[in-house]
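Some notes on the structure that comes next.
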Amino acid sequence: MSPWIKMISDEEATGELREMLDRVRTPHGTVDNVMRVHSLRPHTMAGHLALYRSVLHHEANQLPEWFLECVASYTSILNDCPYSLAHHWSNAADLIGETRRADAVLAALHRDPEDAFAGKELALLRYTGKLTRHPGTMTVDDVTACRNAGASDGDILEVNQVCAYFNYSNRLLNGLGVTTDGDAIGYYSSDVTTPAR
């Protein structure tokens, strides 16, 4: 199923778009629809790529990547965005590595994070939930609760940025009817080790 707006294929792409499509290729050699949907305005694809890589896959991040992928997945669950959930839960599950633990985490993200998380991680997921569902009601107490649970201000910023990015991305995807049709799901399998999205 195609999205609700035109996407330009590799064969049709020229100039700036052709260069951008080459920059956003996944380790599988494909261009995921989350990026291709920008093809009518390649400058927005460039901005999206830079934001995505900086908040989720930057070497300066200090929180574990599996947990940031859980933040991405939780935000996507709350926004009912099956596209992002498919990609980022696959990543989280691969990084968690243990099927039983991954299944418990996913169930908790759907039901109540407290079922699988505690301490700093739980506080950061509660922050994520409120920021996604009720952004206008955020107060300093929400940050203080994370600090009191052991999160540093840098941890809070990392989660804030992942949550904010996925609220953006979920609205891009849901608002344009983007599906995973044609995408390669999963970036941490044994044959693919470097995420590019």
Column: log10 I(q)/I(0), Debye, Cα scatterers of the chain, q = 0.09, 0.17 Å⁻¹: -0.34, -1.14
J(HN,Hα) series, the range 111-128, from Karplus relation 6.51 cos²θ - 1.76 cosθ + 1.60, nearest Hz, glycine and proline x: 9, 6, x, 4, 5, 9, 10, 8, x, 4, 4, 5, 4, 5, 6, 5, 4, 4
Within the chain: Cβ-based charge dipole about Cα centre, in debye rounded to nearest 20 (Lys, Arg +1; Asp, Glu -1): 420 debye
Mean-position separation - Cα centroids, the range 1-59 and the range 127-164, in angstrom: 30 Å
Cα-Cα P(r), the range 65-176, percent of pairs per 10 Å interval: 15, 50, 31, 4
Rough spin-label spacing in nm, given labels placed 7 Å along Cα→Cβ, for Trp4 and Thr44: 1.3 nm
For the chain, calculated [θ]222 nm from helices alone, where every DSSP H run of n ≥ 4 adds -39500 (n - 2.57): -19000 deg cm²/dmol
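Can you compute the FRET efficiency between Leu157 and Ile185 using 1/(1 + (r/R0)^6), with r the Cβ-Cβ distance and R0 = 41 Å? Round to the nearest 0.05.
The pair Leu157/Ile185 has a calculated efficiency of 0.90.
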For the range 1-111, diffusion coefficient by Stokes-Einstein and Kirkwood Rh (Cα), 20 °C, 1.002 mPa s, µm²/s: 138 µm²/s
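Every read-out reported here was derived from the displayed coordinates using simple, explicitly stated rules and does not represent laboratory data. Bear in mind that the values here come from a model prediction, so they are computed numbers and not experimental data. Backbone-built Cβ (ideal geometry, glycine too); neighbour counts: all protein chains shown.
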